Amino acid sequence: MTSAFQYAFGLLMALISAPSFADPLRDALLSGGVVILIRHAQTEPGFGDPPGFRIDDCSTQRNLSAEGRAQAQRIGEWLKRTGTRVDEVLSSRWCRCRDTARLAFPQLQAQPFAPLDSFFDDRSRESLQSEAVRRQLRDLKPPRNVALVTHMVNIAALTGQVAQAGEAIIARPTTQGDLRVIGRLVVP
């Protein structure tokens with residue numbers, strides 16, 4: 001009796017936590033040709049980076065918290081569990097983004113990509129960086145998917161949507177080079 005109950009309970013939990021097969025977001029992730037724009041996971045408290053931070057020295061930056069490290073791992077585990085293919089990972093050079101990418105996708109070598117760097121403190125870089133990202137994604141075709149780990153301002157500039165820490169916006173590049181948002185991914 002107990003093992004039958006445990007089996008039924010496990011099956012029920014799997015069905016509750018798995019996205020529906022009719023879910024357009026899941027369908028897009030499985031068919032490919034999408035961009036998974038991930039805002040870095042939770043950080044230590046603060047806003048922006050400390051004065052005098054250096055991109056080549058993580059000790060001078062605001063970094064992932066313990067919850068953020070666990071959150072990044074859950075993102076990767078969820079994508080893997082749902083059968084989502086991730087062929088390439090590009091990351092901002094900020095340590096919190098690189099760490100999110102490394103923890104979410106340990107089987108892939110995340111490539112630093114300067115156009116994904118934050119322009120929070122210098123909005124004059126927004127259009128050049130966003131255009132470089134669009135050029136990078138222009139030839140993305142199914143079944144390939146690309147994960148970009150970046151910052152809120154970058155995601156908002158590319159999609160018009162604000163992502164919370166550890167949240168992903170799923171989008172498909174258009175022939176005009178824009179990104180058409182398909183949905184949001186919030187991993188519990």
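Put simply, of 102, 96 the only residue that is over 17 Å from residue 188 (Cα atoms), among the charged types (D, E, K, R) and touching a residue at least 40 places away in the same chain (Cβ under 8 Å) is 96. Taking the numbered list (1) more than 18 Å from residue 112 (Cβ to Cβ); (2) assigned to a strand (DSSP E or B) in turn, residue 161 passes all entries but (2).
Which one is surrounded by the fewest Cβ atoms within 10 Å (Cβ to Cβ), of the residues in segment 159-182 that are under 16 Å from residue 120 (Cβ atoms) and in contact (Cβ under 8 Å) with a residue 60 or more places away in the chain? Top of the filtered list is 164. Condition check for residue 142 on (1) assigned to a loop (DSSP other than H, G, I, E, B); (2) more than 20 Å from residue 87 (Cα to Cα): one failure, at (2).
Results for (1) under 17 Å from residue 39 (Cβ atoms); (2) loosely packed, with under 14 Cβ neighbours inside 10 Å; (3) touching a residue at least 24 places away in the same chain (Cβ under 8 Å), shown as yes or no for each residue.
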{"position": "111", "(1), (2), (3)": "no, yes, no"}
{"position": "119", "(1), (2), (3)": "yes, no, yes"}
{"position": "130", "(1), (2), (3)": "yes, no, yes"}
{"position": "133", "(1), (2), (3)": "yes, no, yes"}
{"position": "136", "(1), (2), (3)": "no, no, yes"}
{"position": "142", "(1), (2), (3)": "no, yes, yes"}
{"position": "147", "(1), (2), (3)": "yes, no, yes"}
{"position": "152", "(1), (2), (3)": "yes, no, yes"}
{"position": "157", "(1), (2), (3)": "yes, no, yes"}
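Listed by first and then second residue, the pairs linking a residue in segment 54-67 that is in contact (Cβ under 8 Å) with a residue 24 or more places away in the chain and under 17 Å from residue 101 (Cα atoms) to a residue that is among the basic types (Lys, Arg) and not in a helix (DSSP H, G or I), with Cβ atoms under 6 Å apart and 6 or more places separating them unless they lie on different chains, are 55/93. Do we find a residue being buried (at least 16 other Cβ atoms within 10 Å of the Cβ), in contact with a strand residue (DSSP E or B) (Cβ under 6 Å, 6 or more places away or on another chain) and aliphatic (A, V, I, L, M) anywhere in segment 90-106? Taking every residue of segment 90-106 in turn, at least one turns out to be buried (at least 16 other Cβ atoms within 10 Å of the Cβ), in contact with a strand residue (DSSP E or B) (Cβ under 6 Å, 6 or more places away or on another chain) and aliphatic (A, V, I, L, M).
Bear in mind that the values in this text are calculations on the coordinates, not laboratory data. Keep in mind that this is a model prediction, so the values were computed, not measured. Cβ coordinates were reconstructed from backbone atoms using ideal geometry, including for glycine residues, and neighbour counts include every protein chain displayed.
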